[in-house]
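Worksheet: one structure, shown below.
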Amino acid sequence: YTAAVYEHQAVLSPEPAAAVERRAALQLMGRNLDIYEQQVVAAARQGAQIIVFPEDGIHGFNFTRSSIYPYLDFLPHSHSGKWNPCKEPHLFNDTEVIQRLSCMALRNGIFVVANLGTKRPCGRAEPACPPDGRYQFNTDVVLGSSGALAAAYRKHNLYFEQAFDAPPQPDYAAFDTPFAGKFGMFTCFDMLFLEPAVKLVTEHKLKQIVYPTAWMNQLPLLAAVEFQQAFATAFNVNILAANIHHPTLGMTGSGIYTPVKSFIYHDMESFGGKLIVAEIPVIATDYKTNLEKAPGRVSEKGNEQSPPPFYAEMMYDNFTFVPVWGEKGELRVCANTLCCYLNYQRAVLTDEFYALGVFDGLHTVHGTYYVQACALVKCGGLSFSTCGQEVTEATALIDFQLWGNMSTPYIFPLLLTSGITLDFADHRGWKNNHYFMSKNRTSSGLLTAALYGRWYEKD
């Protein structure tokens, strides 16, 4: 099927904390919706059957709970499939944004996925009802090609979003399409958690995912395109990911991902939006996640002559590192219950410094979640203290086999190359209770090769 994602540079309110009338809010959102409309037309002309827009793309961000209120549409709870906002605009008040999205879908015969703020009044009878008597949700909506509301998803894992409530129970949102069967959806920070993202693909067996996001890149392990691809490969799914474009805030990185190929956009230099259109195969639901066996050996030992470890902060976590010196070698580094091993060979010795790092613990900055990571990274300079810094360029081509005795089955294989480009491992999977990843000759210089494990039970 042919899919489109649009990385949108939102028109933002100059004073998001200021109180405005609904009319002024609609005016600002209308400027973003005008751009959406152009992109829907452009995508449909290129044969796209579905288009995904980013999180916060219509209203922007940095609101307070009260200042965002005029920007919120009313969304009837569980009204999917029965309401066509474009054809029945007067069924509910305060639905101007959803109406416009619905008309875009209808006029162009395309599925439109967009993110907006929604509201729903609640009463004392509901124990979770906020004190001001209303729920405010960060919501994704899907408008089918006829304009009907096909599905809605309320973001569960909020990322410091004071303006919004998390729904009392996680939504498992899915919708049917004539071209690729069932799609699931979740938003931004959700991708790092079990509920609902991982359960949607493991228990509900959904193989196509739409993913609006407003992701701030954090190298070396959590650049948007790097983690989006890792999720697609880890769970053998297609992901249509639309990020917002604000380089000054570190926000860029969208793509259409299959488990074996990615069509990505990452640009921290230029301004303006970007439409990506790609044709991708439908993944059959009964396909088993491929945990192929390595041709190489996974030895328990690792070289006993590993250089002495050092410590450096990476991703706000205290990693234990060993330096990767010389043109080839075998290394081992451990922390808590996790040991990471690396066999490596460099094509040419460059004057770049690499290190193998391990972290097994609770990550506590910008969210709290348990991580088990084995990471081969290029350091920012030649000293130990530069390991963990954000690096975007590299020339070293390294053949490697990386493995670790992970305690969780949820491993995201990260493979990031120079200029924030992506590569795929030659082999990966489980062997002798270790998860491994191997690669001969990356397409360009290696920035990060990592096994990023999420131990959800210990969050």
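Does the stretch 333-353 hold any residues that are farther than 21 Å from T442 by Cα and either of a type in the set (A, V, I, L, M, F, W, C) or open to solvent by less than 20 Å² (accessible area, probe 1.4 Å) (or both), and which are they?
First pass over the stretch 333-353, keeping only residues farther than 21 Å from T442 by Cα: 333-339.
Once the filter is applied, which keeps residues that are farther than 21 Å from T442 by Cα and either of a type in the set (A, V, I, L, M, F, W, C) or open to solvent by less than 20 Å² (accessible area, probe 1.4 Å) (or both), the stretch 333-353 yields V333, C334, A335, L338, C339.
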Residue pairs within 7 Å by beta carbon, gap of at least six or interchain, first lying in the stretch 42-54 and closer than 20 Å to G253 by Cβ, second open to solvent by 10 Å² or more (accessible area, probe 1.4 Å) and in a loop (DSSP other than H, G, I, E, B), listed first then second, are P54/A214
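Yes/no per residue for (1) in a helix (DSSP H, G or I); (2) not aliphatic (A, V, I, L, M):
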{"site": "A166", "(1), (2)": "no, no"}
{"site": "A174", "(1), (2)": "no, no"}
{"site": "P220", "(1), (2)": "no, yes"}
{"site": "Q229", "(1), (2)": "yes, yes"}
{"site": "A242", "(1), (2)": "no, no"}
Residue set P127, P121, P131, P178; condition outside the structural domain of I411 (by the TED database), within 18 Å of Q49 (Cβ to Cβ) and open to solvent by 50 Å² or more (accessible area, probe 1.4 Å); output residue P178
Given the conditions (1) assigned to a loop (DSSP other than H, G, I, E, B); (2) under 28 Å from L240 (Cα atoms), every one holds for R31 apart from (1)
Within the stretch 360-374, of all residues that are under 14 Å from T408 (Cβ atoms) and open to solvent by 20 Å² or more (accessible area, probe 1.4 Å), the one farthest from the chain's Cα centre (by Cα) is L362
Restricting attention to the stretch 105-135, the residues that are small (G, A, S) and under 30 Å from V40 (Cβ atoms) number exactly 4
Test result for E330, more than 30 Å from L194 (Cβ to Cβ), under 26 Å from the mean Cα position of the chain (by Cα), touching a residue at least 12 places away in the same chain (Cβ under 8 Å) and open to solvent by 40 Å² or more (accessible area, probe 1.4 Å): no
Within the stretch 375-419, restricting to residues that are in contact with a His (Cβ under 9 Å, 6 or more places away or on another chain) and open to solvent by 10 Å² or more (accessible area, probe 1.4 Å), the one that is nearest to F235 (Cα to Cα) is M406
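Restricting to the stretch 244-286, name every residue that is aromatic (F, W, Y) and assigned to a strand (DSSP E or B).
Our first condition is that a residue be aromatic (F, W, Y); within the stretch 244-286, this holds for 257, 263, 265, 271.
Matches in the stretch 244-286: Y257, F263, Y265.
Which one of these is touching a residue at least 60 places away in the same chain (Cβ under 8 Å) and outside the structural domain of N236 (by the TED database): L397, L349, L356, L446? Outline the logic, then answer.
Values: L397 fails: touching a residue at least 60 places away in the same chain (Cβ under 8 Å); L349 fails: touching a residue at least 60 places away in the same chain (Cβ under 8 Å); L356 fails: touching a residue at least 60 places away in the same chain (Cβ under 8 Å).
Just one listed residue meets the conditions, L446.
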So, first residue over 16 Å from E457 (Cα atoms) in the stretch 365-378, second residue surrounded by fewer than 24 Cβ atoms within 10 Å (Cβ to Cβ) and polar (S, T, N, Q), Cβ within less than 8 Å, six or more apart or across chains; the pairs are A375/T448; L376/T448; V377/T448; K378/T448
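The values are calculated or read from the model by the stated rules, or taken from the named source; none is laboratory data. Quantities reported herein were computed from a predicted structural model and do not represent experimental measurements. Note that each Cβ is placed from the backbone with ideal geometry, even for glycine, and that neighbours are counted across all protein chains shown. The protein model used for the area step is the full one, side chains on, heavy atoms only, and it has no ligands, DNA or RNA in it. Shrake-Rupley method; radii C 1.70, N 1.55, O 1.52, S 1.80 Å.
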